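See below for the structure under consideration.
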Amino acid sequence: MLSSNITRDPGGALRFAGQSVPELARLYGTPLYLMDEDRIRFNCRLYLDAFRSAFGDAALPLYAGKACAFKQMYRIMAEEGMGVDAVSRGEIYTALKAGFPAERIWFHGDGKTDEDICYALDSGVGFFVVDGFEELEALNREAGARGVRQKILLRVTPGIDPHTYEAVNTGRVDVKFGVPIGTGQAYDFVRAALACSHIELCGLHCHVGSMVFDESVFEDTADVMFAFMRELKDGLGYVTGTLDLGGGYGTRYTEADKQADIPGRIAFLAAHMRALAAKTGLPMPFILMEPGRSIVADAGLTVYTVSAVKRIEGFKSHVIVDGGMTDNPRYCLYRAHYTVLHAEREAGETAVFDLAGRCCESGDILQPAVTLPADIKRGDLVAVCTTGAYNYSMASNYNRLGRPPVVMLRGGERFVAVRREGLDELCALDE
Ligand code: LLP
């Protein structure tokens, strides 16, 4: 199986995190997001332990909430001792509502409004990751109005191509995020931040992309960042105290995907950075990284009920389910690959189908060319694996469909973390 939390019982029924998927579907209905809380905690510990052994106490992994955010997720992060990367008032609010400590929140985003800035300042978030000059000015003004000195990191763009797909490629010079090093603008950005009396510049942030498997991406990024840090020391006398290398380690969606050895990669990266520090004569900064996908992706599985099977002799056949691009837009957006399984039995004789959603457009495909039992029929259950990242968080109400619930599985127990969005909720804001 793709991941150790996916198994089948002797009768062929799928089990996820040790629990029967058909039984969970009967209990909670479909479409249904299942989340394996034990796996989320395991993945957090993978990072925490790897950080501790690679960097000692001078490092912290931040969970990138954009991958999947609801209150229970932040409770887990608080308990595990992770920091959090938040990108909106909504994410900050959710974290605080869950009791997550404000000082362990790093507030990201390239389009922060004055309202966002004021809200985050008043909430006492630990750090702003400032994306550009206008934000720097607005933050300095608002922090001054409150008589505080806000800690920040500056987001800079190192000009590294992470060799991943376009939508998540964020390190190149001409992306919309951060301020480029290569053009000299980042140097001016640092100088401007140092001149702000209500801002304490704690360090630098960069993020080059998501679904990174390429072995040298983080090391190449560190090369650029250390060279820049040396330039800052020489030119401005500024010593970078913190270096945040962003998120991005990839996850296995299909058997063909590689498995990223995260502890191994982190140990290698740490050794590389220590060598860089020695070479550039700089102290080793406090290290942050912001994994999202690699914390939650393999902790998720989505269950659907088949509504229809359309077999068209000599053409493509479709299995249509009771969810779709509304609960998982990733194939539509990125042509993302997924593993699809029949949730009640192992396939004997198989056939190839496109797994389609219920939305009124022909592009609503969850996954093309999946192999399922040839006799699959209405009422059968189908599971899409590895849906923990960027599924619930990117879900929409297109076609006025309600979002599925999120059921957490923990130590053989189960509970609803997010309720199903019903018809009343869909009309809740309508006047
Ligand atoms: N830090 C920053 C500044 C980011 O922009 C991101 C992701 C992360 C951390 C977390 O990266 P991760 O470890 O999850 O790769 N919706 C797309 C992914 C967008 C990623 C955006 N930024 C998808 O479904 O593939």
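Readers should treat all values here as calculations from the given coordinates under stated rules, not as data from a laboratory. Every value quoted in this text rests on a predicted model; they were computed, and no experiment measured them. With ideal geometry, Cβ positions are generated from the backbone for all residues, glycine too; neighbour counts draw on all protein chains shown.
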Label-point separation, V239 to S53 (7 Å along Cα→Cβ), nm: 3.0 nm
Karplus-derived 3J(HN,Hα), 6.51/-1.76/1.60, for each residue of the stretch 348-360, Hz, glycine and proline x: x, 6, 10, 9, 9, 10, 8, 8, 10, x, 9, 6, 7
Spatial separation of Cα centroids for the stretch 296-371 and the stretch 84-125, in angstrom: 36 Å
Residues Y334 and A227, FRET efficiency given R0 of 30 Å [Cβ-Cβ distance, rounded to 0.05]: 0.40
Loop sites in the stretch 360-404: trypsin sites (Lys or Arg not before Pro), DSSP, at most 12 other Cβ within 10 Å: K377, R378
Separation of the D375 and A256 label points, Cα + 7 Å toward Cβ, nm: 3.0 nm
Whichever aspartates and glutamates have a C-alpha closer than 19 Å to that of K316, once near sequence neighbours (fewer than 8 apart) are set aside: E349, D354, E361, D364, D375
DSSP-defined antiparallel bridges as percent of all bridges, the chain, nearest 5: 50 percent
Percent of alpha-carbon pairs separated by more than 13 Å within the stretch 268-342: 81 percent
The stretch 140-299: radius of gyration over Cα atoms, expressed as a fraction of 2.2 N^0.38 Å: 1.10
Tensor-based shape of the stretch 1-113 (alpha-carbon gyration tensor, a/c under 1.5 rounded, otherwise prolate or oblate): oblate
Spin-label zone in the stretch 376-394 - amide nitrogen under 18 Å from a point set 7 Å from the Cα of M1 along the C-beta vector: 381-389
Reach of K71 by Cα under 18 Å, taken over lysines that are not fewer than 8 positions away in the same chain: K97
222 nm mean residue ellipticity, helices alone, for the chain (DSSP H n ≥ 4; -39,500 (n - 2.57); rounded to 500): -9000 deg cm²/dmol
FRET efficiency, 1/(1 + (r/R0)^6) with R0 35 Å, evaluated for A267 and A428 via beta carbons: 0.10
For the chain, the Rg and Dmax computed from alpha carbons only, in angstrom: 22.9, 72
The stretch 86-197: Cα Rg divided by the 2.2 N^0.38 Å rule of thumb: 1.11
Label-point gap, in nm, between C118 and E349 - each point 7 angstrom along Cα→Cβ: 6.8 nm
Listed residues G412, G323, G203, most fluctuating in the chain (Gaussian network, C-alpha, under 10 Å): G412
Whichever lysines have a C-alpha closer than 16 Å to that of K279, once near sequence neighbours (fewer than 8 apart) are set aside: K233
In the stretch 313-369, the chymotrypsin sites (Phe, Trp or Tyr not before Pro) that fall in loop regions by DSSP, at most 15 other Cβ within 10 Å: F315
